[in-house]
1. What is the distance in Å between the Cα centres of the stretch 15-29 and the stretch 198-276?
2. Summing +1 for each Lys or Arg and -1 for each Asp or Glu, what net charge is found among the other residues whose Cβ lies under 14 Å from the Cβ of W147?
3. Exceeding 21 Å between C-alpha atoms, which entries from my cross-link table qualify? They are K218/K294; K184/K218; K143/K294; K143/K218; K2/K59.
4. Can you tell me the mean projection area, over all orientations, of the convex hull of the stretch 59-131's alpha carbons? Units nm², please.
5. Would you mind working out the accessible area per residue for the stretch 40-142, using a 1.4 Å probe, and quoting it in Å²?
6. Considering the Cα positions of the chain, please state its Rg to one decimal place and its Dmax as a whole number of Å.
7. Roughly speaking, what is the centre-to-centre gap between the stretch 112-126 and the stretch 166-193 when only Cα atoms are used, to the nearest Å?
8. What's log10 of I(q)/I(0) for the stretch 79-216 at q = 0.18 Å⁻¹, Debye sum over Cα points only, no solvent?
Amino acid sequence: MKTRIIGTGSCLPKTVMTNDDLSKYMDTSDEWISSRTGIRERHLAVEETTASMSIEAAKRAMENANVTAAEIDLIILGTVSGDFVTPACACEVQAAIGADRAVAFDINAACSGFMFALNIANAYIQAGLYRTALILGAETLSKIVDWEDRSTCVLFGDGAGAAVVRGDENCGMLSFDQGSDGAKGDVLACPGRANNNPLIKADQTPRYVHMDGQEVYKFAVTTVPASLQKTIEAAGLTPADIDYFALHQANIRIIQSVSKRLHVSDDKFPISLDHCGNISAASVPILLDEMNRKGLLKPGMRVALSGFGGGLTWASAVIEW
Ligand code: UT7
């Protein structure tokens, strides 16, 4: 039994913020952002929430998969920016789509969140516990980034992506690799909510995302090609056998470096970061949905996926479409 992606969906907020728009709020420029990252614009949530975008992406994925809510056994959603601590965003999705039979929960694996969700769903399907799962990555990063730190806030955007996966005898996931390095967690961190416990002295530390960009960059350009190489070999393939690489969309230079290290043409690396920026857990499923809706993905094609980021965490998979 393999875990097969049978439908995809995504949702981006209506409001678009270009690099030039950003330069009205801070000392930055289109030239700096686009030459260093490849990002030209991103969508930012104004009326949308993590849940509202997730629900829309879920509905589109279910329609694309031709699956009803009653058929969904499991909903797993990767996010670091859910609207509530509890209930989980996955439970909000469950209620909105009416998937009454499903078990629903969120996971926090930052930019690897969708990939970890895919692997958890795969494990349940392999174990024979569930047949059909809805997996999502969704973020409203605009509410957790520090808008006074131009070195991070220009990189991120908001959005949600979803996929329906189902056990299939013939094709689906061929191999998987995932890992974490908690000892390096401080290179990309977000302390989170303020604590108003009267027993604890008020802490004025800013509670937004902070990142050592160069350390994350070094981690990405070494770990991601190694993880992909391992996953591709485990599938009995070589990088040349892969039709497309759908990577987490953090920086065009990271993607170009991975393509160089694997000796694969960068034509095989579709991009969404130019119009989406980095949407953490939502990057991979949004890219996959764009590829699917453009008709790039044909039955039998092999696609390598990889997510990497905060934790530190990383995860790769090779799937047969
Ligand atoms: O999901 C995973 C998340 N993160 C990543 O993948 C991030 C990986 N890292 C990167 O992509 C890059 O490290 C960045 C794009 C974040 C930064 O690029 P960099 O080439 O490492 O730049 P830097 O941080 O060394 O900054 C170079 C200069 C500095 O000025 P000085 O000190 O040389 O005068 C910064 O103050 O660029 C300045 N700078 C900016 N200038 C204009 C930093 N941010 C900006 C900005 N606009 N937005």
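The values are calculated or read from the model by the stated rules, or taken from the named source; none is laboratory data. Note that the structure is predicted; figures quoted are calculated from it, not measured. We place every Cβ from the backbone using ideal geometry, glycine too, and count neighbours over all the protein chains shown. The area values use the complete protein model at the heavy-atom level, side chains included, leaving out ligands, DNA and RNA. Shrake-Rupley method; radii C 1.70, N 1.55, O 1.52, S 1.80 Å.
1. So the separation of the two Cα centres works out to 24 Å.
2. Here the count lands on -1.
3. Beyond 21 Å between Cα atoms: K218/K294; K143/K294; K143/K218; K2/K59.
4. 4.9 nm²
5. 39 Å²
6. That works out to 18.7, 60 Å for Rg and Dmax.
7. 8 Å
8. -1.15
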